[in-house]
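Here, each number is a calculation from the coordinates, and none is a lab measurement. This is a predicted model, so every value here is computed, not measured. Cβ coordinates were reconstructed from backbone atoms using ideal geometry, including for glycine residues, and neighbour counts include every protein chain displayed.
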Amino acid sequence: MRERTLRHMAINRRGFLRVTTAAILAPIPRFAGHGMVRGYVEAVPARRYPGPLRKITEKEVKIPGHWAG
Amino acid sequence: MTLQCNLCPKGCVIEHGQSGECRIRVNIDERLVAVTYGHPCSVHIDPVEKKPMFHFLPGTGILSIATVGCNLHCKNCQNWEISQENPENVSAEELSPERVPALAKEYGCQSVAYTYTEPLVYYEYTLDCSMRAREAGLRNVIVTAGYLNEEPLRKLYPHIDGAQIDIKSMSDAFYRDICDASLGPVLNACVLAREMGVLVEITNLVIPTLNDSDEELRKLARWVAAHLGAETPLHFSRFFPQYRMKNLPPTPSETLVRARDIAREEGLCHVYIGNLSLPDSENTYCPACKQLLIERRGFSVLTNNIKYGKCPCGKELYGIWQ
């Protein structure tokens, strides 16, 4: 049986370059979008409200709001 | 695709499915979407004095609407249940901009206020409602912290008649620490409003130990007089402990009276005290002849001697009176 030493676990230069290159390039697709951030001032109206809806009632409208302002 | 919202100076970079700091501008399918458009969480008729707007159609009711969301995160926010909450957790009503003028007229209001939270972050709704209201012969008021970029303000202001702008402090450090914002854009918004013919009233919430020094109060009054004009109404408002600032006491009445005296020393003609019932703290006097023109108690107008925007002595008063 061959003896396993540190020398056997070493990778050659080509292997090292492949692994290093892959490690550097792999995250690029994940961050590619960041370089192309589009800026907007105005937003488009949503098709629906994300929270619960309720009806406007005359009683609610007629009384002054309890919020400041 | 990641988007950037350039509405306010924060310039939030928003990932897919996420919202900006205001919680209501969301990146949905690579489009910036205003999720509260047409869905106010509060619709009420308030006395215009509650805004507080003292030089704008005194004694009238104003249809006041607000959606969820704010781009500031003040530790002392009075309306934090709606301003600092996600829209998913707050119920709202359906009210399209086309219906707003009809609703205002149905209840006899001459004007519409975009208030309670931050009308500048539900910008598209404020803009569309104010355009519709104008077309219907109504006036528009925004009650705002004024933290917005210049370009959208230039587009909005022509449709706005009155702006109640909250200058929270004259210290940039205060804005950073307490509100998560900065002072410069707020002052620019005030000056731009004045330049574009919007009636401006300023409010300053006086908080013990944080912004109640003589120097800071004087700096505020001096800035208002120099950049907005001595006839610009300035309201000093009383602080009450709430939200994330329960460690400080309510503002003593002496502090508010001192603030008013300092502002008057700096030449301001109309200085009011709010959130506190003090005799003669909410009345309007003529800057020329010193005659009592409008007597107020709470949110009620008891007497109004202004005729066609003028004092009986002939002095024209800053404001929208009819």
Fill in: Taking chain B and dividing mean pair separation by its residue count, relative contact order in percent (alpha carbons under 8 Å, at least six apart)
13
Response to the item:
Long-range amide H partners of B:L32, meaning residues 5 or more apart or on another chain whose placed amide H is closer than 5 Å, are A:V44
Worksheet item: For the protein assembly as shown, what class follows from the C-alpha gyration tensor (a ≥ b ≥ c being the square roots of its eigenvalues): rounded when a/c is under 1.5, otherwise prolate if a/b is larger than b/c, else oblate?
Response: prolate
Worksheet item: Once fully extended, how much extra length lies between A:V19 and A:H66, figured as 0.36 nm per residue of separation less the alpha-carbon to alpha-carbon distance?
Response: 10.6 nm
Discussion item. With θ taken as phi - 60° and the coefficients 6.51, -1.76 and 1.60, list the Karplus ³J(HN,Hα) couplings across segment B:194-210 in order, rounded to whole Hz; mark glycine and proline as x.
Written reply: 4, 4, 8, x, 8, 5, 10, 10, 10, 10, 10, 7, 8, 10, x, 6, 9
Discussion item. Please list 3J(HN,Hα) in residue order for segment B:138-147, calculated via the Karplus relation 6.51 cos²θ - 1.76 cosθ + 1.60 where θ = phi - 60°; whole Hz, with x for glycine and proline.
Written reply: 9, 9, 10, 10, 10, 10, 9, 8, x, 9
Worksheet item: Spin-label point model (7 Å from Cα, Cβ direction): what's the A:I56 to A:Y40 distance in nm?
Response: 2.6
Worksheet entry | From phi via Karplus (6.51, -1.76, 1.60), per-residue ³J(HN,Hα) for segment B:38-46 in Hz, x at Gly/Pro | x, 9, x, 8, 9, 9, 9, 9, 10
Discussion item. Going Cα to Cα from A:K55, which aspartates and glutamates come in below 13 Å? Please leave out same-chain ones fewer than 8 positions away.
Written reply: B:E93, B:E94
Fill in: Straight-distance crosslink candidates among aspartates and glutamates, where the alpha carbon sits under 18 Å from B:K168 and sequence neighbours closer than 8 are dropped
B:E118, B:D177, B:D180, B:E201, B:D212, B:D214, B:E215, B:E216
Worksheet item: For the cross-link pairs A:K62/B:K50; A:K62/B:K310; B:K290/B:K315, which exceed 20 Å when the distance is taken from alpha carbon to alpha carbon?
Response: A:K62/B:K310
Worksheet item: Which value in Å is the Kirkwood Rh of segment B:35-283 over different Cα pairs?
Response: 18.3
